[in-house]
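Participant: Below you'll find the structure I mean.
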Amino acid sequence: MPAPMQIYNTLSRRVEELEPLEPGHVRLYTCGPTVYDYAHIGNFRAYVWEDLLRRALKLAGFRVTQVMNITDIEDKIIKKMNDENLTLEQATQPYVDAFFEDIDTLRIERAEHYPRATDHIREMLQIASALRDRGLTYESQGSLYFKIDSFDGYGRLSNLENREVMSGARVDSDEYGKDDARDFVLWKGHREGEVSWPSPFGEGRPGWHLECSAMAMKYLGESFDLHTGGVDNIFPHHENEIAQSEGATGKPFVRYWMHVAHLMVDGEKMAKSKGNFYTLRDLLERGHAPRAIRLLLLGTYYRGSLNFTFEGLAKATSEVQRLDDMAARLEREPAGSDGHDEAFDARIEERVAEFKRALAADLNISSALGAVFGTVREAHQALDRGELPSGSREQLASAMDVFQSVLDLAAETDAGLDEEVEALIEQRNAARKAKNFAESDRIRAELTARGILLEDTPQGTVWKRKL
Ligand SMILES: [Zn+2]
């Protein structure tokens, strides 16, 4: 049986133990990207946090089936197609590819399913038809709308009074002809020059909210465990997903909802107009290491806003460097003796327990990272004393494996490259012995160009990878 996980459920506004419908198996839906542009670091805060959630569930012993949708038909995509005279494929495919490249760069573990909206039009129409048959919709000027008044539970997730729901509603320019400002579109009637599909309600295209309901229920069932997204998705997107799904099936849609807070830049909302807007690619171009970006995005408790600053990124970089330094030291400095340092082992074991406890407490990442860097400190101190016997090294290595399974911040090891570097260092040492300093400098420069930094110490030359 998995270890218990406590999570904050937006629906109940309480921290609760996560109890999946099928014991030991969490079905998880995560709202995915709309592919008309590169995802920005605010989007990646959510995706990296969802990766943390997924990996923490697995560490606790759950099996996870995760779905992340790819929204490849939506108002902004239509606009891009029209503005730049592109086909749907031309407008979206480059950003689908970029999205998968970016999540690999940030070491976000792949979900089990990445359904695309345009492959699920049939499922969307089935939900829309079921809603119509149950009298929860009306047609107006070629579009099909969900009638909020006909659904009792509307507003439960966002806890909004009707009045607030009214004033907060996003009124799309093309959602004309609604009876009530809160009503939302399920199927948008065709307009000249727009991509469309045939339907029982006439030619048209799906509304964004309907896309998520259809893809969630297709892969996870009509009722499933956990749905996540950004806080800005709570209303109206998730509220509308609940109304459509429960309206169509008559069953509870999702038991637990989790929402991640915003990312700010230098304390301000990120906006292109403010010049503080960054995609992942912008940060990589400035020379920042993916692992440091990952740590920065991971490192703040998800229910509080994350303030992105370049000082924060520099700090994350040095923390990742500390992990690398410890790994390098362990490799370089041989174990002094066999056996165990019992006191050291006990302390490391307690750190691992602390790490697991912290993640199980609504993903308390600060305490979890405290346990990791506490372990790193212990290891350096033991090495400084020259007292880390081989048994305790194994204990340390298995602790680092536990941390790595969730945080994934360790350097990639490349045995082939390591050998090549070692060989070049030997050549350089030979050149230095022969006082051929031109050759020795050339080898150092070659290594530097390849991201390998050398340091000459009294014990010999040591090397490390630039982050
Ligand atoms: Zn969604």
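The values are calculated or read from the model by the stated rules, or taken from the named source; none is laboratory data. Every value quoted in this text rests on a predicted model; they were computed, and no experiment measured them. For neighbour counting, all protein chains shown are included, and Cβ atoms are generated from backbone atoms with ideal geometry for every residue, glycine included. These accessible areas exclude ligands, DNA and RNA; they are computed on the full protein's heavy atoms, side chains included. Shrake-Rupley method; radii C 1.70, N 1.55, O 1.52, S 1.80 Å.
Participant: Within segment 56-63, is there a residue that is hydrophobic (A, V, I, L, M, F, W, C) and farther than 30 Å from LEU21 by Cα?
Facilitator: Checking segment 56-63: not a single residue is hydrophobic (A, V, I, L, M, F, W, C) and farther than 30 Å from LEU21 by Cα.
Participant: Would you mind finding the one in ASP104, ASP83, ASP72 that is open to solvent by 20 Å² or more (accessible area, probe 1.4 Å), acidic (Asp, Glu) and over 30 Å from VAL402 (Cβ atoms)?
Facilitator: ASP83
Participant: Determine which single condition SER405 fails, assuming it passes every other condition in (1) among the polar types (S, T, N, Q); (2) in contact with a strand residue (DSSP E or B) (Cβ under 8 Å, 6 or more places away or on another chain); (3) touching a residue at least 60 places away in the same chain (Cβ under 8 Å).
Facilitator: All conditions pass for SER405, except number (2).
Participant: Please find, within segment 360-384, the residue that is surrounded by the fewest Cβ atoms within 10 Å (Cβ to Cβ) out of those that are in contact with a strand residue (DSSP E or B) (Cβ under 8 Å, 6 or more places away or on another chain) and of a type in the set (A, V, I, L, M).
Facilitator: Ranking the qualifying residues of segment 360-384, first place goes to ALA361.
The rows are residues; the columns are (1) open to solvent by 10 Å² or more (accessible area, probe 1.4 Å); (2) away from the ligand (no atom under 13 Å from the Cβ); (3) hydroxyl-bearing (Ser, Thr, Tyr).
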site	(1), (2), (3)
SER245	no, no, yes
PHE253	no, no, no
PRO290	yes, yes, no
LEU296	yes, yes, no
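Participant: Further question: Only one of GLU455, GLU412, GLU387, GLU419 is in a helix (DSSP H, G or I) and open to solvent by 20 Å² or more (accessible area, probe 1.4 Å). Can you tell me which?
Facilitator: The unique qualifying residue is GLU419.
Participant: Show the residue pairs meeting these rules: Cβ distance below 9 Å; 6+ apart or different chains; first residue within segment 65-94 and under 13 Å from GLY193 (Cα atoms) and modelled with pLDDT of 95 or more; second residue in a helix (DSSP H, G or I) and within 16 Å of the ligand (Cβ to nearest atom).
Facilitator: LEU88/ILE77; LEU88/THR118
Participant: Separate question: Which of the residues belonging to segment 201-231 are out of contact with any strand residue (DSSP E or B) (no Cβ under 7 Å at 6 or more places or on another chain) and either crowded, with 22+ Cβ neighbours inside 10 Å or modelled with pLDDT under 95 (or both)?
Facilitator: Within segment 201-231, CYS212, SER213, ALA214, MET217 meet the criteria.
Participant: Six or more apart or on different chains, Cβ under 7 Å: which pairs go from a residue in segment 98-124 that's within 30 Å of ALA292 (Cβ to Cβ) and hydrophobic (A, V, I, L, M, F, W, C) to one that's assigned to a loop (DSSP other than H, G, I, E, B) and open to solvent by 60 Å² or more (accessible area, probe 1.4 Å)? Could you list them?
Facilitator: Qualifying pairs under 7 Å: ALA98/TYR38.
Participant: Looking at ARG442, ARG428, ARG432, ARG450 in this structure, which one is modelled with pLDDT under 90 and either open to solvent by 50 Å² or more (accessible area, probe 1.4 Å) or more than 26 Å from LEU323 (Cα to Cα) (or both)?
Facilitator: Testing whether each residue is modelled with pLDDT under 90 and either open to solvent by 50 Å² or more (accessible area, probe 1.4 Å) or more than 26 Å from LEU323 (Cα to Cα) (or both) leaves just ARG450.
Participant: What helices (runs of 4 or more DSSP H) lie completely within segment 238-337 and have 2 or more residues being of a type in the set (A, V, I, L, M, F, W, C), in contact (Cβ under 8 Å) with a residue 60 or more places away in the chain and within 29 Å of VAL376 (Cα to Cα)?
Facilitator: Fully inside segment 238-337 and qualifying: 280-285, 290-298, 310-332.
Participant: Could you pull out the residue among ARG357, ARG303, ARG332 that is open to solvent by 50 Å² or more (accessible area, probe 1.4 Å) and at pLDDT below 95?
Facilitator: Just one listed residue meets the conditions, ARG332.
Participant: Might you let me know whether segment 255-263 holds any residue that is away from the ligand (no atom under 14 Å from the Cβ), among the aliphatic types (A, V, I, L, M) and under 25 Å from the mean Cα position of the chain (by Cα)?
Facilitator: Yes, that holds for at least one residue.
Participant: Further question: Output the number of residues of segment 194-224 satisfying the condition of being within 16 Å of the ligand (Cβ to nearest atom) and either touching a Pro at 6+ places or on another chain (Cβ under 9 Å) or not in a strand (DSSP E or B) (or both).
Facilitator: Residues in segment 194-224 being within 16 Å of the ligand (Cβ to nearest atom) and either touching a Pro at 6+ places or on another chain (Cβ under 9 Å) or not in a strand (DSSP E or B) (or both): 15 in total.
Participant: I need a count of the residues in segment 168-190 that are within 15 Å of TYR154 (Cα to Cα) and modelled with pLDDT under 65.
Facilitator: Final tally of qualifying residues: 2.
Participant: Taking only segment 338-379 into account, find how many residues are within 34 Å of the chain's Cα centre (by Cα) and outside any helix (DSSP H, G or I).
Facilitator: So the answer is 4.
Participant: Name every residue in segment 368-386 that is without any contact (Cβ under 8 Å) to a residue 60 or more places away in the chain, of a type outside the set (Lys, Arg) and out of contact with any Phe, Trp or Tyr (no Cβ under 8 Å at 6 or more places or on another chain), in order of residue number.
Facilitator: Residues satisfying the conditions are GLY370, PHE373, GLY374, VAL376, ALA379, HIS380, GLN381, LEU383, ASP384, GLY386.
Participant: Hey, among the residues in segment 69-118 that are of a type in the set (A, V, I, L, M) and within 16 Å of the ligand (Cβ to nearest atom), which one's nearest to the chain's Cα centre (by Cα)?
Facilitator: By that ranking, first place goes to ALA111.
Participant: Sticking with this structure for a sec: Among (1) in contact with a helix residue (DSSP H, G or I) (Cβ under 7 Å, 6 or more places away or on another chain); (2) part of a helix (DSSP H, G or I), there is one condition GLU426 misses while meeting the rest; what is its number?
Facilitator: With respect to (1) in contact with a helix residue (DSSP H, G or I) (Cβ under 7 Å, 6 or more places away or on another chain); (2) part of a helix (DSSP H, G or I), GLU426 is out only on (1).
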